[in-house]
Structure formats: structure tokens, C-alpha cells
1. Full-extension gain between Phe167 and Ser134, please, as 0.36 nm times their residue separation minus the C-alpha to C-alpha distance.
2. Round to the nearest 0.05 the FRET efficiency obtained for Met85 and Glu53 when R0 = 41 Å and r is the Cβ-Cβ distance.
3. If R0 is 25 Å, what FRET efficiency do you get for Arg182 and His125 from their C-beta distance, rounded to 0.05?
4. Using the Karplus equation 6.51 cos²θ - 1.76 cosθ + 1.60 (θ = phi - 60°), what ³J(HN,Hα) coupling, rounded to whole Hz, does each residue of segment 195-206 give in order, writing x for Gly and Pro?
5. When the accessible area of segment 3-60 is computed with all protein chains present and a 1.4 Å probe, what percentage of it is carbon and sulfur?
6. Using 0.36 nm times the number of residues separating Glu74 and Gln197, minus their current alpha carbon distance, what extension gain do you get?
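The values are calculated or read from the model by the stated rules, or taken from the named source; none is laboratory data. Only a predicted model underlies this, so the values are computations on that prediction, with no experimental measurement involved. Positions of Cβ are backbone-derived with ideal geometry, glycine not excepted, and every protein chain shown enters the neighbour counts. All accessible areas refer to the heavy atoms of the entire protein, side chains included, with ligands and DNA or RNA removed. Shrake-Rupley method; radii C 1.70, N 1.55, O 1.52, S 1.80 Å.
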Amino acid sequence: MRRADRLLQILHLLRGRRRTTAAQLAAWLEVSVRTVYRDMADLLASGSPVNGEAGEGYWLEQGFNPPPLSFSAEELAALEVGARMLAGWTDPATASAAASALAKIHAVLGSAGLTPAPLFVPQHHDYPCERLASLREAILAGQALDIDYQDELGHPSQRCVLPLGLFFWGNRWTLAAWCQLRQDYRHFRIDRLLKWQPVTASWPPHISLDGFLQAAQAGAANRQQLAQTTHQSWHRS
């Protein structure tokens, strides 16, 4: 990230918060605390509407609105590819939102004279992407599910699971969950789900998506990436 972009990002991160520490800003921006101190000193010296000091935290003066963020050509290209993947491999509601976003990205790319990325995602498949919506809702609600499942050999089983996350592997989605039958973390291919329904079940306090990744030996890098993806603190007041 260019330094000018980082300074603008700091203003956006401070907006709507009473007080934000340098350590919090450093974690969100993935830079050192020392770098944040230098950036804040420059913002204060430039007359930006920032208050605070090192060790006490920083905040914006009331009523200030920073200018909107802009995307680079590389960022727009990445967003375009991501929207194509969502349009081809998610549930209808998410695919529709991705298609709408893709149209807006195309408009920006076209007005800037940029060529769309030559990466495409075929949408002609019989995969049951429509199942993602209800499974996603159960995850967000912390809702346990009774499922009928069929393994790769065609053997059926009934489970009560606590859904934790959905993972895409290029040609299939899997549901990460805590299985009460096995008292352990398991993953289930959503195309092998025969049926599922919400139920009332206790949720052990130690169960988490990070715990699933640890059990799967996903590695520290993958766990850190997940933490960064699921705990975007600048979206919270």
C-alpha cells in the first residue's frame, strides 16, 4: 500500500470511533506501531482533523468525512475475477449480488479504458449451489442442524452438527462443523447432503472455526488468514 493511501485509510478507520490506539491501527493496516506513530505525526502536522497522541489513542474531529477510497487497476481486476467466481459458484442471491457488482466494475473498467482480466469461471454445472443460502444462515445464527448425509461409498448416516463455515475447493463446497455423534470436528460435502433441518442443541463453548482448522492441521498461515477475514475490526464501532 502506498503511504498516501495508508494515510487516507487511517482517516477512514478513525471515522465514527471515540478513540483508537496505534496498536489497533497497526494491526488493521498490517504495519508496525512505529509506522503508525510516524503517520499520525504527519497527519497532525498537516492540519488534518485528527486529535490524540501516542499512548492515548486518536480520533477524528466531529463532522469530518474523509474522501471516498478509490481502487487501483489491479484491485479492480481482482474484484472482477472474484465477482465472476461468486456469480458462478454461489447461491442465487449471492450470485445476483455478484453479477450486479460485476456490472458496476465493468462500467469503471470501461470508462478508464482498462481491459477486463482474461480469467473466466464457467457457470454451466449441476452443482447444488442453492443449498449454500440456508447453510450460511444457520452458521450466522449459530443454529444446530440435523442432517442426513451420504458418504462417498453411498452409506447414509444421520448427524446433529454445529455448522461453522463453508469452504470452496474449486469444484465443490464443504461444510465445516462440529459433529455431536463423533464429538469431533468434521467436514461434509454439501452435494452429499440428503436433507437438513434446524434443531435445538447445546453448543460447547470451546467449539470454533479456528478449532476446526487446528484439528485439520491447516497451519498457522491459513488460521491467520481466516482471522483477518472474519474479524475486520474497522467495520465495527
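1. That pair, Phe167 and Ser134, stretches by 10.4 nm at full extension.
2. The value I calculate is 0.40.
3. 0.25
4. 6, 7, 8, x, 9, 8, 8, 6, 10, x, x, 8
5. So the carbon and sulfur contribution to the accessible surface is 47 percent.
6. 40.0 nm
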